[in-house]
Each structure stands twice: as structure tokens, then as C-alpha cells.
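The values are calculated or read from the model by the stated rules, or taken from the named source; none is laboratory data. This one's a predicted model, so the numbers in the text were calculated from it and none came from an experiment. Cβ placement follows ideal geometry from the backbone for every residue including glycine, while neighbour counts extend to all protein chains displayed. What goes into the accessible areas is simple: the full protein's heavy atoms, side chains included, and nothing from ligands, DNA or RNA. Shrake-Rupley method; radii C 1.70, N 1.55, O 1.52, S 1.80 Å.
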Protein chains: 2
Amino acid sequence: MSSPAEGADGDIPRVGLAHGAGGKATRQLVGDVLAGGHVDVAELTVGLDAMDDGAVIPVGDQHLVITTDSHVIQPAFFRGGDIGRLAISGTVNDLAMMGATDVLGLTSGVIVEANYPIADLERIAASMHDACAEADAPIVSGDTKVMGKGELDGVVINTTGVGVAEQITPDVHLEVDDVILVTGQVGSHGISLLAAREGIEFGADLRSDVRPINDLIASLIDACGADVHVLKDPTRMGVAGSLNEIARKSEVGIELREERIPISSDVKGAGEMLGLDPLQIANEGIALVGVAPTAAAKALEVLRAHPKGEDAAAIGKAIEDHTGHVIVDTGIGRRFLREPASEPHPRIC
Amino acid sequence: MSSPAEGADGDIPRVGLAHGAGGKATRQLVGDVLAGGHVDVAELTVGLDAMDDGAVIPVGDQHLVITTDSHVIQPAFFRGGDIGRLAISGTVNDLAMMGATDVLGLTSGVIVEANYPIADLERIAASMHDACAEADAPIVSGDTKVMGKGELDGVVINTTGVGVAEQITPDVHLEVDDVILVTGQVGSHGISLLAAREGIEFGADLRSDVRPINDLIASLIDACGADVHVLKDPTRMGVAGSLNEIARKSEVGIELREERIPISSDVKGAGEMLGLDPLQIANEGIALVGVAPTAAAKALEVLRAHPKGEDAAAIGKAIEDHTGHVIVDTGIGRRFLREPASEPHPRIC
């Protein structure tokens, strides 16, 4: 096979940092190497091939949704959260994005470096438990491993989630004229992380909004049901990457109105100083929603009535042209919104 | 709280290697730190508190079993298998030990060091897929992260499994007079790993027997049903640790007949040279079974008729005395079989 030889120090193809960033290089690695020979299962509705947020398996008359994520964020503690809150939120939200807002159970696989302060591990555990309570999601199975000093830097956490959905919301169901909503402000998580990593102090309002939003999504689904065509949380690849993925998989174009995208002035300012586009940055407390035009007003009303959806906005719509692409109307012209080929900022989720 | 301050280089309590080895120190860390504040769920039959191989959640009229494991074995490739085969087998077998021999789905969370050879990752993926085919277990959801050089040594894999069980076989159900069976030869996996790590070459027959055994367990359950009281795979803490755990949780004693424990002469010889007791060493291709005395002969017959159970043996029984302990009858006397306080061999699973 012809894998990219990024980071090669010889002639043999090696893994590069971009392979883990969730973008094109990841899709290539996962598609070619990891999913290549995977076992076919006839009964699988949404499997590894679909590269959606989670897999769906029919059990009796219910849809069981399963999703997994490893969290390697550095620093482990940041303004607005920590790796524990992120790990729970990330998995709960991936389930919610498939329509499984009721979490049956989470598993927690912790790998920690020898000599890691136990007090830090306690803080992380407490934070996980708080996020679990917030999401009404129990940790049902755990595993703990320790690696030697020099073998692992800090702590990594894998969380896998199992949930039940009455209605599945995969990436592929966006239809022309559907309205694109975002449930909150864009870019806070990634920009605050990177600002902290650069050692730059911004205002106290610049903080990660990492949180479980299955309650917000549940109220949306309750109100709009099957009119909710697509749900996706713009994590590693940001809003730009996620919308491109939806456009590609749903075989439509997407047009955004730039001035409607909610981005706080703190995030805008920090992004400008750091040379980062908030649309290309990881989030973990918001979702993108594709909803039938007849239900868009209702959806927006329900989202805004929820404490986690106050900043929700209609930011664009699905169009027939430019299939597989995202166009931004800036007010003075139109441009393509590209997805990052590789994410230049490793370990922010 | 009063956590052990192993590996402390100052006054603050820090994580030690023993915390991840699956023994007493792990139980303390998980019990005190990680499970401390976990969310209670009324409907949870077997939860994190039970520290069994997996959690059980009723869904409709079925038992959903969920289990997670992170695999950090070094070296990643060894005689008889590799980290990929181990990761699949470990999770499939944990499900089987709860009675869930039908695997609904596995998730695979791979974290790999930047610069890792892609060919090695392909070998691992191929090996995972082979083990999945053997276990009839699909990988339904995956996640890939890359950490920088110096941040992670090699590759670690978290596998989480979801299965369905008609009948649950937790650790706590061993009854006095139950017969203890082991489904195959003891110690091959751990001893070959450690021999390889020491650079010692033994005969070609010394190899890990890592394999999924859900098919073997399914045939046992088919034949003996509710007479199978306990199933446990003696992984990180070895046969000694697992039997002590069963005795403790079931509140009975266990008496073993030493000469009946199947251990190959290669494993015995290598164990003697390395100063290791095969009963204290990790396995990943065998199970311990507690079965009602009336069904013991049938169980043994069924196991031995299966290609993965040819070496199955009845090695002891549950007794009223010595509650919570394991006694070995050596032929010339009786001794306590202690569980290792800490596992001296990190990263063999």
C-alpha cells in the first residue's frame, strides 16, 4: 500500500503527527491501515467504514450506539476544564450526535505515567464524576495501567460509551434547503487551549466551554424529532472540517453567512493574535445541526431556551451547487471554507 | 485519603508501577481514587464497585455486558502473538467471562508514537482483524491518536467490548464443593513474554497462547448452563491472584491439587530459570471455571472435546474452611497460595 511517509527518517513509511489529528491523514491511516481488513457484519447499520461519531447496532427494537475516543490533551488541566471533563464530555457528545442522548454506560481506561501525582489523578477523577453526573451517565467499567517514566508523558484516558437511540442521526442525511444551526459559540475550547500552551494570558472570559450537551440535544430531538437530519460536534477538525465532512457525505453543498457565526470577541482577538482561525479549531461543547427548513425556527427557539444553547444561531443552509464543499458568504464576496489537510495543533483533545 | 506513596521522590503521593499491575495496589488506586465518587445507577447489576471482568446492564430482557482494557504490552510483537491479537483476545475473553460469548461490537482506540513504522501498524491491524474473525467479533468504532516522540513509547491499544449474555457468571457465585477447572495450560503467555524480554531463547514450544476463547466458553455454557457458577480468566494477577479473588468475593475457601495443574515442561523449566512461578503469571488464552460437582465430569468432557480445551483439567474444589484463601495440596503438605501484592512484571498485557 502507499501510505504517506510523513516524519520518515529513513525509507520506511512512518506515522506522522497529522495521522492522529482527525483530518485527511487520519482518514487515510484509518481507512487504509486500521479498517482495511475489518470483519463484515451484515447487521451493522453504521460501522467503522462510515467514520461517523459512533456505530449503531440494532438490539431488539432499539438502536445501540457505541463510540470510543482516546484523550491525550496537554496540558491536562486548563481554564474551563481538564482531561477528565473532556474525556466524559467527548464520549457523551459523540453518543448524542448519533441520537443517543440516554447513556447506558461509559468505560474509562486510564493510562498514567509512573510517578504521576496522585492528587492530580484525584482531581481528574472528581472532574470525570462531576461530568458524569451532569450528563446522567454512569461509568460502568474501568481499567488502569501504569507505564514507566519516559514511556508515557502524563496521563491519557480512553472513554467508550454505549447509548440507546430511538432515532439515528448519521452524517449523511443533510438535504438541500436544510438549515444549518450551531448550538453555541465557536472556537472557545481550542483557542483557550492553544493560548494557554503558548503562555499567553487573555481575559478571564477566554476559557474552554468543554461540557456534555446530551441534555441540550435531547430537548432538540424531543421538539423536532425526525426534522433533525444531521447532528455533528465540530471537535478535532473544527467547524470547517465537520461541515466539509457533512457536505461530502450528504452530497450537497453548504453555504454559510459569516456574520451569523457566533464567535466571542475574546476568541476572535486571541485567534488573530495567534494567527488561528476559530473555524478550524477543536470544540467540545457545541454541536452543528442540520434541520428541515420548516422546523428551523422551532429548533432555534428550543436551543436558545436551554442554558447550554443561549448563543445558538442559524448560520447557513444546504445548497444544490458546490456538492461536497462549504462556501462562506463574507458579505463582500464568497470563498471556499477549506478543511485543514492536517491539524497543526496536536493534543488539544 | 491515604494512598500509597510509591515511587515518591518528594513528599507528595505519586503513582507507582504496581498501581497498574492489577493487584492490591491497583484495587486501592481504583477503589479510592478512580471509583470514589462514581455515579450510582440503580439498574446496574454488576458495576465498577464489583471490579469484575465487565459490567452488566439490563436492556429489555437481555443482559448487556460492557468491558474495557488498555493494552500496553512490551515488546508489541512476541512469539505466539502481538499487541493486536492480545487486545482483541483480552476484551473478547473478558466478555466471555461474564457469560457474553456473543460479541455485539468492539471498539479500538489506538494511540501511537509519531515516527512509528506504518508496516508495524499494519501487522498489528491485520492481527486484530484475524483475532476478530476467530472470535466472530466486529470492530464497530475506532479512534486513532498520535503522540509526539518522547511522549509515548510505541503503541497502546484500548479495546472495549459490548456483548449480550443470557446468563451472567460473576465472580461471586462459587459454592462449597464446586469443582475448579482450568481450560488449558497455565503460564505460557507471561513466561514467554518475560523470557523474550530477558533475551533468553527457550525451545520453540515456549510461546504465548494468546487467543479468544469465547467459542470454548460458549460450548461449555451450552452444555452445562446454570451449573457453571464462576468464570474468570487469570490475566494480570495469574491463577493465584484470580483464585484468591474468587475465594474472597464468593466467601469460600479453595483447595488445589498441585499435580493436577497443567503446566508445560517448557513453562516449568523457563519459570525455574527465571525464578518465576507460573501460577503468578499473566495468561490470555485460558479460563478458570467453577462448576457444580454434579456437572463437573460433563464440563470437563465438553472442554476437552474442543480444540482450545484439550488440556483442560479439574484442579481443585471450593471448601468451607479457609474462607477467602487458596490452599495448595503439594502431595507432601499444604500451603497457602498467595496472590502477588504487586505484580513485578509491568506491561505483559
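Just a few scattered comments:
- Percent of C-alpha pairs per 10 Å bin, region B:213-263, short to long: 20, 44, 36
- Long-range amide H partners of A:H322 with built H, under 5 Å: none
- In the assembly of identical copies, B:T294 has its label point, taken 7 Å from Cα in the direction of the beta carbon, separated from the corresponding points by 6.4 nm (ascending, one decimal).
- Protein heavy-atom accessible surface, 1.4 Å probe, per residue over chain B: 35 Å².
- Cα-based shape type of chain B, given that a ≥ b ≥ c are square roots of the gyration tensor eigenvalues and the cut on a/c is 1.5: rounded
- Karplus-based coupling profile of region B:88-99, in residue order and whole Hz: 5, 4, x, 6, 4, 5, 4, 4, 4, 5, 8, x, with θ = phi - 60° in 6.51 cos²θ - 1.76 cosθ + 1.60 and x standing for Gly or Pro.
- Table column - 3J(HN,Hα) (Hz), region B:61-75, Karplus curve with 6.51, -1.76, 1.60, x for Gly and Pro: 9, 10, 9, 8, 10, 10, 8, 9, 8, 9, 10, 10, 4, 9, x
- When the pairs A:K149/B:K149; A:K308/B:K145; A:K249/A:K308; B:K268/B:K317 are compared against a 18 Å limit on Cα-Cα distance, A:K308/B:K145; A:K249/A:K308; B:K268/B:K317 fall above it.
- Antiparallel bridge percentage (DSSP; both residues within region A:251-349; nearest 5): 65
- Diffusion coefficient (Stokes-Einstein, Kirkwood radius over C-alpha pairs, 25 °C, 0.890 mPa s) for region B:200-349: 151 µm²/s, rounded to a whole number.
- Note on chain A: dipole from Cβ charges, positive end direction compared against A:H71, A:H19, A:A196; the farthest Cα belongs to A:A196.
- FRET E, pair A:E166, A:D329, Förster distance 30 Å, beta-carbon r, rounded to 0.05: 0.25
- Nm distances between copies for B:E272, ranked from closest, using label points 7 Å along Cα→Cβ: 7.9
- Portion, in percent, of the accessible area of region B:47-165 that falls on carbon or sulfur, probe 1.4 Å: 45
- Residues whose amide H lies under 5 Å from that of B:V230, counting only those 5 or more places away or on a different chain, are B:G290; hydrogens are built 1.01 Å from N in the peptide plane.
- For the protein assembly as shown, share of DSSP beta bridges that run antiparallel, in % to the nearest 5: 80
- Rounded to the nearest 100, the interface formed by chains B and A buries 6600 square angstrom of accessible surface, both chains summed, with a 1.4 Å probe.
- Each Lys and Arg Cβ is given +1 and each Asp and Glu Cβ -1; about its Cα centre, chain A then shows a dipole of about 620 debye.
- Distant-in-sequence amide H partners of B:M147 (H built 1.01 Å from N, under 5 Å): B:V112, B:E113, B:A114
- Note on exposure: B:V156, A:V179 ranked by accessible area (1.4 Å probe, complete protein assembly) read A:V179, B:V156, with the most exposed listed first.
- Cα-only Debye scattering, region B:47-165: base-10 log of I(q)/I(0) at q = 0.16, 0.22 Å⁻¹: -0.73, -1.18
- Antiparallel DSSP beta bridges within region A:107-207, as percent of all bridges there, nearest 5: 45
- The residues of region A:56-76 listed by number as losing at least 20 Å² of accessible area in the complex, against the isolated chain and with a 1.4 Å probe, are A:I57, A:V59, A:Q62, A:L64, A:I66, A:T68, A:S70, A:V72.
- Counting every C-alpha pair in the protein assembly as shown, the share spaced more than 47 angstrom apart comes to 17%.
- Residue-by-residue Karplus 3J(HN,Hα) for region A:216-227, coefficients 6.51, -1.76, 1.60, Hz, glycine and proline x: 4, 5, 4, 5, 5, 5, 4, 7, 10, x, 6, 6
- Other copies of A:R248: label-to-label distances in nm, shortest first, labels 7 Å along the beta-carbon direction: 5.0
- The fraction of accessible area contributed by carbon and sulfur in region B:215-349 is 49 percent, rounded to a whole number (1.4 Å probe; ligands and nucleic acids excluded).
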